[in-house]
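First the structure, in the form of structure tokens, and then the observations on it.
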């Protein structure tokens, strides 16, 4: 309370001391110093004072960050409308004309304190909400940074099948500009023939979400923006955000792998056609240490040459079919170096006991893992 009139100051003290804890000061400068120490809930001040007026005190309070929110009630005998308007414009919370009734003073102070407490609560709530927003935004930035660091093309899809997030790798893989995938139905990335069925599969996954591969055992394709079908493998994992279950889909381009597998298959088919269709006998021997040159496989022509079914020849040592005299002076195949081609004549024992003269050629193949045959 700031009042230079002693009688009025004592009167106000008598009226208010039973309800409020009061600090009494006699001029504006003293009141300002006291307010900076005590940080009161309300400042009640006279307007006309000799050292620092109530209006000057009001200006100091509103300019001080530690005091600016404190309500200020001004007591004045000046009933001029312009004065009252100026005080309110400079930040006075209310004013009361002298003479006044103590009950009116109490009522105004109660309303001002209620309003101040409400403003304080709302301000604290707004600050808390602002802090939460800042923390949420920081968390979102961290998630975005981590999401972009995922080494594989990755999408996040909500329960409705809408793409809610896509990293740059998946945009590049499928030919989309940054941000263009977000908001699109995930089915647009599938071959047209699979789209309607995929909706059922997607809904089924959300019933029991777990980390797994998509379409295990199937050859999957993703549709690019240009309409091309790109061979991919897809891994699925559930993601729960704000109580919503979403799906993280990670794609892996397997185009090169499929090309290599196709080339390998073609190579194997060519070998098989050559091996099986050759008119001359061909045998593959196991030259690993301890294998003793056992037959890994033979073609039909070789089996016919010695009169033994192929199934019986596999696993048999080759030395069991060669004439002993030919073995004695022969260099064993195990001793040959890769790339060396050797030709000669050799007798093979037929199943009925006679020997068949043959002209043979041998060469050794060594694979990267050291396997020789």
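Remark: residue 353 matches the filter, which requires a residue to be modelled with pLDDT of 90 or more and farther than 23 Å from residue 273 by Cβ. Among the criteria (1) touching a strand residue (DSSP E or B) at 6+ places or on another chain (Cβ under 8 Å); (2) assigned to a loop (DSSP other than H, G, I, E, B); (3) modelled with pLDDT of 90 or more, the one residue 61 does not fulfil is (2). Number of residues in the stretch 87-116 that are loosely packed, with under 13 Cβ neighbours inside 10 Å, free of Cβ contacts under 8 Å to residues at least 12 places away in the same chain and assigned to a helix (DSSP H, G or I): the value is 6.
Results for (1) over 21 Å from residue 155 (Cβ atoms); (2) surrounded by 13 or more Cβ atoms within 10 Å (Cβ to Cβ), shown as yes or no for each residue.
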position: 210; (1), (2): no, no
position: 226; (1), (2): no, no
position: 246; (1), (2): no, yes
position: 259; (1), (2): yes, no
position: 268; (1), (2): yes, no
position: 284; (1), (2): yes, yes
position: 292; (1), (2): yes, yes
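If you go through the stretch 145-158 and keep only what is touching a strand residue (DSSP E or B) at 6+ places or on another chain (Cβ under 8 Å) and without any contact (Cβ under 8 Å) to a residue 60 or more places away in the chain, you end up with just 147. Taking the criterion of being at pLDDT 90 or above and surrounded by fewer than 17 Cβ atoms within 10 Å (Cβ to Cβ), the residues of the stretch 235-244 that qualify are 235, 237, 238. For the structure I just gave you, tell me whether residue 251 is closer than 15 Å to residue 152 by Cβ and in contact with a helix residue (DSSP H, G or I) (Cβ under 7 Å, 6 or more places away or on another chain). Judged against the criteria, residue 251 is a match. Exactly one residue among 137, 168, 131, 149 is more than 25 Å from residue 202 (Cβ to Cβ) and at pLDDT 85 or above, and that residue is 131. When 264, 296 are screened for being within 30 Å of residue 224 (Cα to Cα) and out of contact with any helix residue (DSSP H, G or I) (no Cβ under 7 Å at 6 or more places or on another chain), only 264 passes.
Being within 15 Å of residue 280 (Cβ to Cβ), surrounded by 10 or more Cβ atoms within 10 Å (Cβ to Cβ) and either at pLDDT 90 or above or in contact with a strand residue (DSSP E or B) (Cβ under 8 Å, 6 or more places away or on another chain) (or both) is a property that holds for residue 298. Of the listed requirements (1) out of contact with any strand residue (DSSP E or B) (no Cβ under 9 Å at 6 or more places or on another chain); (2) exposed (fewer than 15 other Cβ atoms within 10 Å of the Cβ); (3) without any contact (Cβ under 8 Å) to a residue 40 or more places away in the chain, residue 171 misses just one: (2).
The values are calculated or read from the model by the stated rules, or taken from the named source; none is laboratory data. These numbers come from a predicted model, not from an experiment. Ideal geometry is used to build each Cβ from the backbone, glycine not excepted, and the neighbour counts take in all protein chains shown.
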